[in-house]
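S.K.: Have a look at this one before I ask anything.
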Amino acid sequence: MSLLPTDSAVSAPPAKTRTNAGRGAIEHDDAIVPNSRVATFSHLTVKLSEYLTPSELKKVKEAYRFSDEMHLGQMRKSGEPYISHPLAVAEICADWKLDAQAIMAALLHDVMEDQDVKKDELIERFGAPVALLVDGLSKLDKIEFQTQIEAQAENFRKMLLAMARDVRVILVKLADRLHNMRTLGSMIPEKRRRIANETMEVYVPIAHRLGLNNIYRELQELSFMHLHPLRHRTLAKAVKAARGNRREVVTKILESANNTLAATGIASQIDGREKTLYGIYRKMRSKQLSFSQVLDVYGFRVVVDTFANCYVALGTLHALYKPMPGKFKDYIAIPKLNGYQSLHTTLIGPYGTPVEFQIRTREMHHVAESGVAAHWLYKEDDDNLTDLQQRTHAWLQSLLDIQKQTGDSAEFLEHVKVDLFPDSVYVFTPKSKIIALPRGATALDFAYNIHTDVGDQTVSSVINHEAAALRTELHNGDIVEIVTSPTSKPSPNWLNFVRTGKARSAIRHRLRAVEHDESVALGKRLLTHERIALGLESDLPPSLVERLVRESSAKTMEEIHFDIGIGKRMAHLVARHIMSLVEVGSSGVPLLDREGKAVQTKAEPVVIVGDIGSSVQLGSCCLPIPGDQIIGQLKQDQALIVHTQDCDVTKRYVKKEPDRWIEVQWGADLDRRFECRLKILMLNDKGVLARIASEINESDADIIYVGMDTDHDQRMMQLRFTVGVEDRVHLARLMRNIRGISSVTRILRERSN
């Protein structure tokens with residue numbers, strides 16, 4: 001067993017000094033100071049003996065001995081034996097009363113990464129649960145990544161997925177990161193900034209999301225100190241200097257609040273807490289304030305004995321000081337996503353100083369400080385989970401859903417970080433179930449939060465009993481209803497406004513699948529079309545397919561079809577390649593005439609079916625609709641573009657690039673609407689626009705866009721409509737009905753843009 005030094009460079013969390021005032025106290029978060037006590041196994045044993053059995057303590061001791069042996073001779077940057085770090089992490093976990101398996105994982109968390117201990121060895125020595133926890137905590141190694149960012153993203157992905165299976169993984173990981181941040185001073189400045197930035201971006205939001213508020217605040221403060229050391233020191237001095245000036249105000253508020261609550265008969269404990277330096281700094285930055293303008297540096301916490309007394313205390317304090325309008329939040333009735341419950345109110349204190357009060361019960365206070373660690377036990381049976389555990393469990397399981405839909409680690413981390421932002425809005429389903437979403441979430445995010453299939457099949461939304469666009473941003477208290485259709489599918493435009501990682505990853509996953517399948521089908525049709533035109537038989541022998549795939553640098557024939565479908569390969573060039581590979585006398589030879597030349601047979605037109613929108617696009621210049629005579633243009637990286645035969649683009653390029661144009665025709669039962677542009681000239685009579693809009697609606701057409709021009713004397717008006725119709729017959733009926741309006745003098749379809 002290695003000997004540990006008597007002195008240590010380990011830094012403690014911010015030291016808190018308490019200033020007695022009345023029957024309460026103010027806690028000050030002073031600068032981080034060195035802690036003379038180093039973590040030892042004897043200190044750890046004292047903590048563990050409070051709640052572990054002797055047999056469990058014996059297993060923990062075995063894990064410690066193994067870790068000590070594995071790390072023997074290994075030193076930290078600060079010069080301490082490395083074993084001091086796993087011991088410190090285990091002590092933090094012991095403060096949370098984590099079980100023996102988690103404590104063992106804390107002691108062993110670096111042996112796989114640093115000492116090349118195999119997972120199988122850990123399973124044999126300590127059991128599968130401990131080995132799985134250690135594996136989830138270990139970084140990936142022996143894999144070459146192209147960039148440091150890619151490696152970090154993959155490490156986070158692995159850790160978060162392990163966390164989704166067992167929440168103890170992230171609890172131990174946060175304890176590990178907390179101790180590393182406390183001892184970050186021994187690192188070079190560049191590495192300090194990188195680790196602090198990583199902590200602020202990923203670990204701070206995770207700690208907040210899990211309700212670990214003490215860890216959240218300390219990690220935030222330590223990150224701020226290492227990212228902006230000069231700003232941190234300057235603010236620390238300013239806060240220390242300002243304490244004396246504000247002590248009179250704080251003392252008066254504490255005494256008044258204590259006396260008022262005692263007179264009401266409410267048993268309470270009032271504590272004041274000074275805002276963290278980062279909290280002050282963030283407020284100064286966001287509101288462009290100087291330090292002297294940040295008045296509410298102090299907040300007060302009132303802890304009462306019962307749920308009902310929270311609201312009685314609130315009324316009592318409102319009678320003592322006037323509340324600021326719009327500054328009351330009830331997180332008891334609607335808890336935060338991480339389980340936090342409190343009443344928040346801001347009052348106008350003595351001398352016009354704004355003062356924030358948080359009112360909660362003892363149990364709420366315990367959860368507010370420890371979050372999911374207050375009920376850390378992770379059960380598989382949802383029926384036995386507390387409300388906080390159920391919400392945490394649901395979020396952790398959503399990580400697995402995102403992973404299934406996302407192949408790229410950086411993209412996975414991007415989606416997860418979106419959901420880690422602390423601000424939330426709380427909305428209701430039609431059955432009054434509360435759904436928590438990130439601030440800025442839309443009705444479509446709500447649909448995907450209910451279920452991925454609901455999101456994929458969403459058609460429209462109803463918010464507070466009124467129809468609303470899917471991009472509508474939700475607000476607290478909204479009642480949201482989603483209208484679905486089995487034939488509906490995600491649109492690429494949805495990615496422009498969805499807010500949650502779950503929605504974004506699900507949409508991308510579905511679009512990739514739909515686009516791939518449609519592109520493969522289109523590529524197959526285009527290649528068949530070209531082969532028939534060259535007189536090749538429709539079926540190719542396996543040997544020829546294998547050779548074609550090999551010489552095309554593709555993996556499968558499906559990949560070639562996909563490349564043709566998205567415009568990456570030209571169908572006629574692939575068909576000519578096939579023709580060059582055909583051997584005379586084998587299956588699939590070209591048809592020859594009497595002179596030995598290949599017979600050029602007439603290919604059937606490519607049929608336009610349900611793949612419009614991804615692999616097949618309608619020309620924006622002419623907007624063809626079913627019933628129009630059409631022709632297809634093969635464009636590099638744009639798949640197949642369909643134009644009308646009288647389109648200006650068609651007339652201009654069909655002779656210049658004949659190899660890029662093919663015959664196409666409309667299929668049957670397209671079951672969708674097509675955009676069409678109309679120009680209407682009419683008299684500027686009262687209500688004529690409303691009559692035209694009503695006629696379009698009566699004709700079962702959709703209004704997509706409306707534009708308007710008027711002449712100088714305001715007598716005539718020209719309207720430009722983009723409408724959605726089924727085909728030319730539907731369009732003709734619509735135009736006939738509009739023509740029947742007396743004020744309309746002329747209507748025509750715009751053929752070219």
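The values are calculated or read from the model by the stated rules, or taken from the named source; none is laboratory data. On a predicted model such as this, the values are computed, not experimentally measured, just so you know. Glycine also receives a Cβ, built like all others from the backbone with ideal geometry; neighbour counts cover every protein chain displayed. When the accessible area is computed, the model is the full protein with side chains, heavy atoms only, and any ligands, DNA or RNA have been set aside. Shrake-Rupley method; radii C 1.70, N 1.55, O 1.52, S 1.80 Å.
S.K.: Can you list which of the GluC sites (Glu not before Pro) found in region 68-145 are DSSP loop residues with at most 11 other C-beta atoms within 10 Å? Each step should come with its number before you reach the end.
M.R.: Numbers: sites: Glu69, Glu91, Glu113, Glu121, Glu124, Glu144; in loops: Glu144.
Sparse-neighbourhood loop GluC sites (Glu not before Pro): Glu144.
S.K.: Sticking with this structure for a sec: Kindly write out, for region 352-358 in residue order, the coupling ³J(HN,Hα) from the Karplus curve 6.51 cos²θ - 1.76 cosθ + 1.60 (θ = phi - 60°), rounded to whole Hz, with x marking Gly and Pro.
M.R.: Per-residue couplings from phi come out as x, 7, x, 10, 9, 10, 10 Hz.
S.K.: Oh, and also: With the other protein chains left in place, how much accessible area per residue, in square angstrom, belongs to region 426-521 at a 1.4 angstrom probe?
M.R.: On a per-residue basis, 49 Å².
S.K.: Next question, about the same structure. Please compare each pair in Lys336/Lys433; Lys58/Lys97; Lys327/Lys431; Lys77/Lys118; Lys77/Lys191 to a cut-off of 19 Å on the Cα-Cα distance and tell me which ones are over it.
M.R.: From Lys336/Lys433; Lys58/Lys97; Lys327/Lys431; Lys77/Lys118; Lys77/Lys191, over 19 Å: Lys327/Lys431; Lys77/Lys118.
S.K.: Whole number in Å², please: accessible area per residue of region 95-141, 1.4 Å probe, ligands, DNA and RNA not counted.
M.R.: Working: 1920 Å² over 47 residues.
Accessible area per residue, region 95-141: 41 Å².
S.K.: Could you tell me which residue out of Leu544, Ala521, Thr500 lies farthest along the dipole of region 461-580 toward its positive end? Charges go on the beta carbon: Lys and Arg +1, Asp and Glu -1, centred on the Cα centre.
M.R.: Checking the options against the dipole of region 461-580, the answer is Leu544.
S.K.: So what is the orientation-averaged projected area of region 435-532, using the convex hull of its C-alpha atoms, in nm²?
M.R.: Over every viewing direction, the Cα hull of region 435-532 projects on average to 6.9 nm².
S.K.: Then there's this: How much accessible area per residue does region 656-753 have, counting only protein heavy atoms and a probe of 1.4 Å, in square angstrom?
M.R.: 60 Å²
S.K.: Okay, next question. When the distances between all Cα atoms of region 478-531 are binned every 10 Å from zero, what whole-number percent does each bin get?
M.R.: 19, 37, 26, 13, 4, 1
S.K.: With +1 on each Lys and Arg Cβ and -1 on each Asp and Glu Cβ, how big is the dipole of region 199-292 about its Cα centre, in debye rounded to the nearest 20?
M.R.: Here region 199-292 has a charge dipole of around 440 debye.
S.K.: Within region 680-753, which trypsin sites (Lys or Arg not before Pro) sit in a loop by DSSP and count at most 16 neighbouring Cβ atoms inside 10 Å?
M.R.: Values: sites: Lys686, Arg691, Arg715, Arg720, Arg728, Arg733, Arg736, Arg739, Arg746, Arg749, Arg751; in loops: Lys686, Arg715, Arg751.
Answer in residue order: Lys686, Arg715, Arg751.
S.K.: What is the percent carbon and sulfur in the accessible area of region 168-317, measuring with a 1.4 Å probe over the protein chains and ignoring ligands? Intermediate results must be reported in sequence, preceding the final value.
M.R.: Numbers: 3290 of 6250 Å².
Carbon and sulfur: 53 percent of the exposed surface of region 168-317.
S.K.: Percent of accessible area on region 483-562 owned by carbon and sulfur, 1.4 Å probe?
M.R.: Carbon plus sulfur share of accessible area: 52 percent.
S.K.: What is the distance in Å between the Cα centroid of region 502-528 and that of region 648-664?
M.R.: Here the answer is 27 Å between Cα centres.
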